[in-house]
Amino acid sequence: MWKRDENVRPPAGREAAQPAPSTGTPSAPVAHGPELEGKRHMDSKDVVNIGKSVVIKGELNGSEDLTVEGHVDGKIELKEHVLTIGPHGRIKAEVFAKSVIVLGEVSGNILASEKVDIRDNGSVDGNIISPRVAIAEGAHFRGSVDMQRKSEPTKASDAPKAEVKPAGQSAPVGTAPKV
Amino acid sequence: MSGVGKVTGFLSRLAPRRAAEEEPEPPAVRAEPEVVVPTKALKKFVASLRLQPLPTLLDLGPVVGSNVAYFGEQLGCKIFIEDIFADIERFQREHRLAGLPAFLETRFPQGPESVDGVLCWDLFDFLDKPSARVVADHLMRALKPNGALFGFFTTTHPTEARFTKFIVADDGNLRHRPYSTPRMRQAVLQNRDIIKLFERLRVSDSFLLHTKVREILFRKPDYLSNP
């Protein structure tokens with residue numbers, strides 16, 4: 001009673017490419033073979049992946065987003081695009097990109113025009129220059145962060161005046177107020 | 001095999017209490033609660049940074065994303081993060097604590113009079129005397145004239161081995177997030193020891209908190225700048 005007729009089951013491999021069931025109207029032609037391969041290629045053409053086993057020594061330039069899972073030693077320049085260092089990625093390079101997402105290890109300075117995001121277990125040893133920096137709990141970072149504040153710094157006259165007392169006038173530590 | 005697993009899973013769902021009783025206890029890792037503690041000196045420290053057009057800050061604690069955002073985005077600081085707590089922990093684990101002062105001699109890349117503010121947190125509670133001397137000397141040298149140094153010093157002998165991440169909630173409150181470490185706090189520093197340690201700085205403000213922790217804000221007066 002519940003057994004499905006094997007004849008109406010779609011052939012293996014096409015199932016993923018089937019469009020959502022329509023309401024009564026005949027289904028659209030299903031992409032398969034070279035057509036499907038082309039579609040997949042179109043979907044993934046803007047993100048390039050450097051695999052785990054790949055080691056690059058030298059300069060890496062590009063005009064598309066890049067994910068690095070392998071090792072890069074040298075310089076990476078993706079000025080208008082996103083660089084993702086995957087969990088297996090090991091970078092020993094100066095990095096210039098629009099955004100940098102770190103899940104692996106980076107040893108070198110990072111200059112990003114938009115954002116640097118060091119995720120949990122990500123590690124950066126180097127200086128970061130970027131207007132936005134996010135560092136997750138559990139990430140490792142050693143170096144400096146310069147967020148290049150765009151707005152004018154607070155005027156000294158606006159801030160409360162700090163007073164530096166000479167040695168004799170310093171607050172007696174032992175009689176400090178209890179908060 | 002998978003059928004057996006399904007049956008076991010089903011039975012354990014029917015009797016979860018029993019299953020829990022049979023399982024061995026996990027290793028004793030105490031979950032430390034995060035607490036919000038008021039701070040008086042941080043506000044003054046922040047005010048001193050605001051006086052500078054492009055302040056430079058040295059943070060000696062573990063990196064905290066929200067602190068970076070606070071000091072970097074809101075105050076426009078350039079922040080140097082040098083996690084000395086991680087170094088202490090590493091030396092402790094490797095049983096090389098005798099070599100810590102020598103390591104700290106060359107640890108800091110900051111030049112003389114290069115930073116406007118230093119966040120010490122409670123670092124000096126965990127340093128032995130020779131290491132504390134080395135770090136204090138470097139900090140006094142690295143501070144710019146009128147620069148400020150913010151630190152905590154315990155007044156009691158805690159028995160627990162734990163470091164704390166200090167997270168700025170706002171300039172009047174800090175969230176204390178403890179995490180375990182093999183390192184115990186060292187001997188309590190008396191007021192005179194603290195003042196002697198930072199002999200080239202002046203105590204600007206000092207507050208004894210209800211948590212038995214003393215908050216001290218030091219400043220480097222102009223007339224005590226580096227020779």
What tally of residues in the range B:65-79 results from selecting those that are farther than 14 Å from B:LYS165 by Cβ and at the interface with chain A (Cβ under 7 Å from one of its Cβ atoms)? 5
Given (1) modelled with pLDDT of 90 or more; (2) in contact with an Asp or Glu (Cβ under 9 Å, 6 or more places away or on another chain), where does A:VAL164 come up short, assuming only one miss? (1)
Answer residue from the range A:54-71, given it is touching an Asp or Glu at 6+ places or on another chain (Cβ under 8 Å) and surrounded by 18 or more Cβ atoms within 10 Å (Cβ to Cβ) and is farthest from A:SER113 (Cα to Cα) among those: A:LEU60
Among the residues of the range A:91-111, is there at least one that is out of contact with any Lys or Arg (no Cβ under 9 Å at 6 or more places or on another chain) and not in a strand (DSSP E or B)? yes
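Conditions (1) crowded, with 18+ Cβ neighbours inside 10 Å; (2) in a strand (DSSP E or B); (3) touching a residue at least 60 places away in the same chain (Cβ under 8 Å); (4) more than 14 Å from chain A (Cβ to nearest Cβ), marked per residue:
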residue: B:ASP137; (1), (2), (3), (4): no, no, no, yes
residue: B:LYS144; (1), (2), (3), (4): yes, yes, yes, no
residue: B:LEU149; (1), (2), (3), (4): yes, yes, yes, no
residue: B:PHE152; (1), (2), (3), (4): yes, yes, yes, no
residue: B:ARG185; (1), (2), (3), (4): yes, no, yes, yes
residue: B:HIS210; (1), (2), (3), (4): no, no, no, no
residue: B:PHE218; (1), (2), (3), (4): yes, yes, yes, no
Would you pick out the residues in the range B:65-76 that are assigned to a loop (DSSP other than H, G, I, E, B) and crowded, with 22+ Cβ neighbours inside 10 Å? B:GLY76
Criterion: within 27 Å of B:PRO221 (Cα to Cα) and in contact with a His (Cβ under 9 Å, 6 or more places away or on another chain) - qualifying residue of B:GLU113, B:GLU105, B:GLU82: B:GLU105
If I filter the range B:187-208 down to residues being more than 9 Å from chain A (Cβ to nearest Cβ) and hydrophobic (A, V, I, L, M, F, W, C), which single residue comes out as farthest from B:LYS44 (Cα to Cα)? B:ALA187
Could you check, for the range B:35-56, whether at least one of its residues is buried (at least 19 other Cβ atoms within 10 Å of the Cβ), more than 9 Å from chain A (Cβ to nearest Cβ) and outside any helix (DSSP H, G or I)? no
For residues in the range A:127-146 being facing another protein chain (nearest Cβ under 8 Å) and outside any strand (DSSP E or B), which is farthest from A:ILE85 (Cα to Cα)? A:GLU137
The lone exception for B:VAL115 - which of (1) surrounded by fewer than 21 Cβ atoms within 10 Å (Cβ to Cβ); (2) touching a residue at least 40 places away in the same chain (Cβ under 8 Å); (3) within 11 Å of chain A (Cβ to nearest Cβ) it fails: (1)
Could you list, in sequence order, the residues of the range B:100-125 that are of a type in the set (A, V, I, L, M, F, W, C) and part of a helix (DSSP H, G or I)? B:LEU100, B:ALA102, B:PHE103, B:LEU104, B:LEU123, B:PHE124
Looking only at the range B:85-116, which residues are under 23 Å from A:VAL124 (Cα atoms) and touching a Gly at 6+ places or on another chain (Cβ under 8 Å)? B:PHE85, B:PHE91, B:VAL115
Name the residue, out of A:GLY108, A:GLY104, A:GLY74, that is buried (at least 16 other Cβ atoms within 10 Å of the Cβ), touching a residue at least 12 places away in the same chain (Cβ under 8 Å) and on the phi > 0 side of the Ramachandran plot. A:GLY108
Residues that are more than 11 Å from the chain's Cα centre (by Cα) and part of a loop (DSSP other than H, G, I, E, B), drawn from the range A:52-86: A:LYS52, A:SER53, A:VAL54, A:GLY62, A:SER63, A:GLU64, A:GLU69, A:GLY70
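The values are calculated or read from the model by the stated rules, or taken from the named source; none is laboratory data. These figures come from a predicted structure and were not determined experimentally. With ideal geometry, Cβ positions are generated from the backbone for all residues, glycine too; neighbour counts draw on all protein chains shown.
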